[in-house]
Every structure is written in C-alpha cells, then in structure tokens.
Amino acid sequence: MERVQLELGRPHGEVAGRYGVLDLTTGAASRTTIIVRPDGTVADVLQQREPGTTRTFAEHRDALERVLSA
C-alpha cells in the first residue's frame, strides 16, 4: 500500500470544497466517501442520502468492487 502524505494546516473546508461536498451555509462537509484511484482521479463517490442516515458496509464494498473490476 502506498503511503499518502497529508498536509496539515489546510484552511477550514478547503479539501471538502475541492471535492464539492462543502455546504457553504453551514461550513460543514457532507458525510461523503470518495474513492480515489492511484492516478488521483475520482473513481466513485458515496454521499449521505439525507441527514441522520448512514451508508452500509455493503455499499462501500460494492463501490470498491466496481472500481477494482473496471
């Protein structure tokens, strides 16, 4: 597994904003899982359907399987 270096000290919301999951009204990111390929491209996005709901393990597993089989 490749190590990924995370930069500390990013301005609040910068990364979420880059991925389009930042709610500018609340300043909070939506609960989102973004699957990124080794080349840096986004392979899949799993977003919270509505507040108070969760995504299941099966949804994550299925998304990873789709990416790996492509």
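The values are calculated or read from the model by the stated rules, or taken from the named source; none is laboratory data. Keep in mind the model is a prediction, meaning the values are calculated, not measured. Here the Cβ positions follow ideal geometry from the backbone for every residue, glycine too, while neighbour counts run over all protein chains shown. Remember, those area values only see protein heavy atoms, side chains included, never the ligands or the DNA or RNA. Shrake-Rupley method; radii C 1.70, N 1.55, O 1.52, S 1.80 Å.
For the stretch 11-53, which trypsin sites (Lys or Arg not before Pro) are in a loop by DSSP, counting at most 15 other Cβ atoms within 10 Å?
Of the trypsin sites (Lys or Arg not before Pro), the ones in loops of the stretch 11-53 whose Cβ has at most 15 other Cβ atoms within 10 Å are ARG31, ARG49.
Heavy atoms only, probe 1.4 Å: what % of the accessible area of the chain goes to carbon and sulfur, would you let me know?
That share works out to 55 percent.
Per residue, what accessible area does the chain have, given a 1.4 Å probe and all protein chains present, in Å²?
Roughly 86 Å² per residue, with all protein chains present.
Magnitude of the Cβ-charge dipole of the chain, K/R +1 and D/E -1, about the Cα centre, nearest 20 debye?
Computed about the Cα centre, the dipole is about 60 debye.
From the helices alone, meaning DSSP H stretches of at least four residues, give me the mean residue ellipticity at 222 nm for the chain, per-run term -39500 (n - 2.57), in deg cm²/dmol to the nearest 500.
-7500 deg cm²/dmol
For the stretch 13-57, state what percent of all Cα-Cα pairs lands in each successive 5 Å bin, counting from 0 Å until the bin that includes the largest distance.
Percent of pairs per bin, in order: 5, 20, 27, 24, 17, 7, 1.
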